[in-house]
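*Asks:* Take a look at this one; I'll ask things after.
The values are calculated or read from the model by the stated rules, or taken from the named source; none is laboratory data. Since we're looking at a predicted model, the values are computed, not measured. Every residue, glycine as well, gets a Cβ built from its backbone with ideal geometry; the counts of neighbours run over all protein chains shown. Quick note on the areas: whole protein, heavy atoms, side chains included, nothing else; ligands and nucleic acids left out. Shrake-Rupley method; radii C 1.70, N 1.55, O 1.52, S 1.80 Å.
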Amino acid sequence: WPGPQPTSGALGPDKAVAMSYLLPQLQSGWAVDQAILAEEDRVVCIRFGHAYDDTCLVMDEVLAGLAEKVKKFCVVYLVDITEVPDFTEMYELTDACSVMFFYRNKHIMVDMGTGNNNKINWALDSEEEMIAIIESVYRGASKGRGLVVAPKDYSTSYSY
(Lines give C-alpha, C1' and ligand atoms only; values in the text may rest on other atoms or scores of the structure.)
Protein backbone atom coordinates (compact mmCIF):
# COMPACT_ATOMS: atom_id res chain seq x y z
CA TRP A 1 0.00 0.00 0.00
CA PRO A 2 1.85 3.16 -1.17
CA GLY A 3 1.60 6.43 0.66
CA PRO A 4 0.80 7.21 4.24
CA GLN A 5 -1.16 4.62 6.16
CA PRO A 6 -4.57 5.63 7.42
CA THR A 7 -4.51 6.01 11.17
CA SER A 8 -8.18 6.60 11.71
CA GLY A 9 -11.35 7.05 9.79
CA ALA A 10 -15.05 6.52 10.08
CA LEU A 11 -14.91 3.44 7.91
CA GLY A 12 -11.40 2.25 8.81
CA PRO A 13 -8.46 1.36 6.57
CA ASP A 14 -9.95 -1.92 5.33
CA LYS A 15 -13.04 -0.13 4.01
CA ALA A 16 -10.80 2.51 2.36
CA VAL A 17 -8.91 -0.15 0.44
CA ALA A 18 -12.13 -1.95 -0.50
CA MET A 19 -13.82 1.20 -1.84
CA SER A 20 -10.80 2.30 -3.86
CA TYR A 21 -10.49 -1.07 -5.58
CA LEU A 22 -14.07 -1.00 -6.81
CA LEU A 23 -13.19 1.77 -9.27
CA PRO A 24 -10.29 2.05 -11.73
CA GLN A 25 -7.35 4.11 -10.50
CA LEU A 26 -5.18 6.23 -12.77
CA GLN A 27 -1.60 6.10 -11.53
CA SER A 28 0.21 8.67 -13.68
CA GLY A 29 -0.38 12.03 -15.29
CA TRP A 30 -0.13 10.32 -18.67
CA ALA A 31 -2.86 7.83 -17.69
CA VAL A 32 -5.15 10.69 -16.62
CA ASP A 33 -4.53 12.52 -19.92
CA GLN A 34 -5.18 9.34 -21.91
CA ALA A 35 -8.41 8.60 -20.03
CA ILE A 36 -9.69 12.10 -20.79
CA LEU A 37 -8.49 12.08 -24.42
CA ALA A 38 -9.64 8.57 -25.31
CA GLU A 39 -13.26 8.96 -24.27
CA GLU A 40 -15.28 10.47 -27.10
CA ASP A 41 -18.89 9.74 -26.21
CA ARG A 42 -18.99 9.57 -22.43
CA VAL A 43 -18.34 11.96 -19.57
CA VAL A 44 -15.12 11.26 -17.66
CA CYS A 45 -15.67 11.71 -13.93
CA ILE A 46 -12.45 11.84 -11.91
CA ARG A 47 -12.21 11.86 -8.13
CA PHE A 48 -8.94 13.43 -7.03
CA GLY A 49 -7.94 12.74 -3.42
CA HIS A 50 -6.79 9.89 -1.15
CA ALA A 51 -8.45 6.51 -0.63
CA TYR A 52 -7.95 6.80 3.14
CA ASP A 53 -9.57 10.22 3.53
CA ASP A 54 -13.04 10.20 5.16
CA THR A 55 -14.51 12.60 2.59
CA CYS A 56 -13.16 10.52 -0.28
CA LEU A 57 -14.44 7.32 1.33
CA VAL A 58 -18.00 8.63 1.26
CA MET A 59 -17.61 9.89 -2.31
CA ASP A 60 -15.94 6.65 -3.46
CA GLU A 61 -18.81 4.62 -2.04
CA VAL A 62 -21.33 6.75 -3.96
CA LEU A 63 -19.25 6.61 -7.16
CA ALA A 64 -18.74 2.84 -6.88
CA GLY A 65 -22.48 2.39 -6.42
CA LEU A 66 -23.40 4.41 -9.48
CA ALA A 67 -20.59 3.45 -11.89
CA GLU A 68 -22.50 0.51 -13.36
CA LYS A 69 -25.73 2.51 -13.65
CA VAL A 70 -24.14 5.35 -15.64
CA LYS A 71 -21.66 3.33 -17.72
CA LYS A 72 -23.41 4.14 -21.01
CA PHE A 73 -22.71 7.86 -20.65
CA CYS A 74 -20.02 8.20 -17.96
CA VAL A 75 -16.81 6.51 -16.84
CA VAL A 76 -15.47 7.03 -13.31
CA TYR A 77 -11.81 7.06 -12.26
CA LEU A 78 -9.91 7.69 -9.05
CA VAL A 79 -6.62 9.60 -8.84
CA ASP A 80 -4.42 9.73 -5.74
CA ILE A 81 -3.12 13.31 -5.60
CA THR A 82 0.05 12.28 -3.75
CA GLU A 83 0.86 9.57 -6.27
CA VAL A 84 -0.10 11.80 -9.24
CA PRO A 85 0.62 15.43 -8.27
CA ASP A 86 0.61 16.61 -11.92
CA PHE A 87 -2.83 18.27 -11.73
CA THR A 88 -2.70 19.69 -8.20
CA GLU A 89 -1.67 23.18 -9.26
CA MET A 90 -3.49 23.24 -12.61
CA TYR A 91 -6.88 22.37 -11.08
CA GLU A 92 -6.20 23.88 -7.62
CA LEU A 93 -6.68 20.54 -5.90
CA THR A 94 -6.24 21.82 -2.36
CA ASP A 95 -9.30 20.08 -0.93
CA ALA A 96 -9.24 16.59 0.56
CA CYS A 97 -11.58 15.36 -2.16
CA SER A 98 -12.40 16.90 -5.55
CA VAL A 99 -14.61 15.50 -8.30
CA MET A 100 -14.24 16.92 -11.79
CA PHE A 101 -15.94 16.22 -15.11
CA PHE A 102 -14.50 16.12 -18.62
CA TYR A 103 -16.12 15.57 -22.02
CA ARG A 104 -14.23 15.25 -25.30
CA ASN A 105 -11.02 16.53 -23.71
CA LYS A 106 -12.73 19.58 -22.20
CA HIS A 107 -13.23 20.37 -18.52
CA ILE A 108 -16.95 20.74 -17.89
CA MET A 109 -17.85 23.12 -15.09
CA VAL A 110 -20.96 22.63 -12.97
CA ASP A 111 -22.82 25.53 -11.34
CA MET A 112 -24.02 24.10 -8.05
CA GLY A 113 -24.68 27.43 -6.38
CA THR A 114 -21.58 27.20 -4.18
CA GLY A 115 -19.44 29.67 -6.10
CA ASN A 116 -16.92 27.02 -7.17
CA ASN A 117 -17.94 25.78 -10.60
CA ASN A 118 -14.72 23.86 -11.29
CA LYS A 119 -15.26 20.87 -9.02
CA ILE A 120 -17.31 19.24 -6.31
CA ASN A 121 -15.14 19.51 -3.22
CA TRP A 122 -17.31 17.84 -0.59
CA ALA A 123 -18.74 14.35 -0.12
CA LEU A 124 -22.05 14.07 -1.89
CA ASP A 125 -23.64 11.16 -0.06
CA SER A 126 -26.62 10.59 -2.35
CA GLU A 127 -26.20 8.30 -5.33
CA GLU A 128 -29.38 9.69 -6.91
CA GLU A 129 -28.15 13.29 -6.65
CA MET A 130 -24.77 12.37 -8.13
CA ILE A 131 -26.43 10.52 -11.02
CA ALA A 132 -28.62 13.59 -11.67
CA ILE A 133 -25.50 15.79 -11.76
CA ILE A 134 -23.71 13.40 -14.15
CA GLU A 135 -26.79 13.29 -16.40
CA SER A 136 -26.89 17.10 -16.45
CA VAL A 137 -23.19 17.23 -17.30
CA TYR A 138 -23.67 14.71 -20.12
CA ARG A 139 -26.71 16.48 -21.60
CA GLY A 140 -25.10 19.92 -21.44
CA ALA A 141 -21.64 18.84 -22.61
CA SER A 142 -23.02 16.84 -25.53
CA LYS A 143 -24.73 20.07 -26.66
CA GLY A 144 -21.39 21.91 -26.51
CA ARG A 145 -21.82 23.66 -23.19
CA GLY A 146 -18.75 24.13 -21.02
CA LEU A 147 -20.84 25.13 -17.99
CA VAL A 148 -23.94 23.27 -16.88
CA VAL A 149 -26.32 24.01 -14.03
CA ALA A 150 -26.79 21.27 -11.44
CA PRO A 151 -30.36 20.06 -10.97
CA LYS A 152 -30.20 21.11 -7.30
CA ASP A 153 -28.86 24.27 -5.67
CA TYR A 154 -26.26 23.36 -3.03
CA SER A 155 -25.60 26.93 -1.86
CA THR A 156 -27.15 26.37 1.56
CA SER A 157 -26.12 22.74 1.93
CA TYR A 158 -22.41 23.06 1.30
CA SER A 159 -21.48 26.72 1.58
CA TYR A 160 -18.08 27.65 2.91
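*Asks:* For residue 126 and residue 83, what is the calculated FRET efficiency with R₀ set at 45 Å and r taken between the beta-carbons, to the nearest 0.05?
*Replies:* That pair, residue 126 with residue 83, gives E of 0.95.
*Asks:* Calculate I(q)/I(0) for region 31-97 by the Debye formula, one identical point scatterer on each C-alpha and no solvent, and give its log10 at q = 0.11 Å⁻¹ to two decimals.
*Replies:* -0.27
*Asks:* As a check on your grasp of the helix formula, calculate [θ] at 222 nm for the chain: sum -39500 (n - 2.57) over DSSP H runs of n ≥ 4, divide by the residue count, round to the nearest 500.
*Replies:* Value at 222 nm, helices only: -9500 deg cm²/dmol.
*Asks:* Sequence-distant or interchain residues sharing an amide H contact under 5 Å with residue 78, placed H: which?
*Replies:* Sorted by chain and number, the residues that satisfy this are 25, 26, 47.
*Asks:* Further question: Could you state the orientation-averaged shadow area of the convex hull built on the Cα atoms of region 93-160, in nm² to one decimal?
*Replies:* Hull-based average projected area comes out at 4.5 nm².
*Asks:* Something else: Want the number for residue 107 to residue 71: 0.36 nm per residue separation, take away the alpha-carbon distance, what's left?
*Replies:* Contour length minus the Cα-Cα distance gives 11.1 nm.
*Asks:* Also: Mind listing the phi-derived Karplus ³J(HN,Hα) values for region 73-81, rounded to whole Hz, using 6.51, -1.76 and 1.60 with θ = phi - 60°, and x for any glycine or proline?
*Replies:* 10, 7, 10, 10, 10, 10, 9, 7, 6
*Asks:* Anyone know which of 67, 31, 150 comes out most mobile in the 10 Å Cα GNM of the chain?
*Replies:* Checking each option, the largest mean-square fluctuation is seen for 31.
*Asks:* In what sequence, highest mean first, do 131-138, 96-103 appear when ranked by Cβ atoms within 10 angstrom?
*Replies:* Top to bottom by mean Cβ count within 10 Å: 96-103, 131-138.
*Asks:* Here's another thing I want to ask about it. What figure in square angstrom, to the nearest 10, would you give for the accessible area of residue 69 with a 1.4 Å probe?
*Replies:* For residue 69, the solvent-accessible surface is approximately 130 Å².
*Asks:* For region 57-138, take the alpha-carbon Rg, divide it by the Kirkwood Rh, and send me Rg/Rh.
*Replies:* Result for region 57-138 is an Rg/Rh of 0.93.
*Asks:* Summarise the accessible area of the chain (1.4 Å probe, protein heavy atoms) by the percent that is carbon and sulfur.
*Replies:* After summing per-atom areas, the C and S share lands at 50 percent.
*Asks:* May I pose another question? Starting from 0.36 nm per residue, how many nanometres of slack lie between residue 139 and residue 33 once their C-alpha separation is accounted for?
*Replies:* That works out to 35.9 nm of additional length.
*Asks:* Calculate, in whole percent, how much of the Cα-Cα pair population of the chain lies beyond 26 Å.
*Replies:* Tail of P(r) above 26 Å: 20 percent of Cα pairs.
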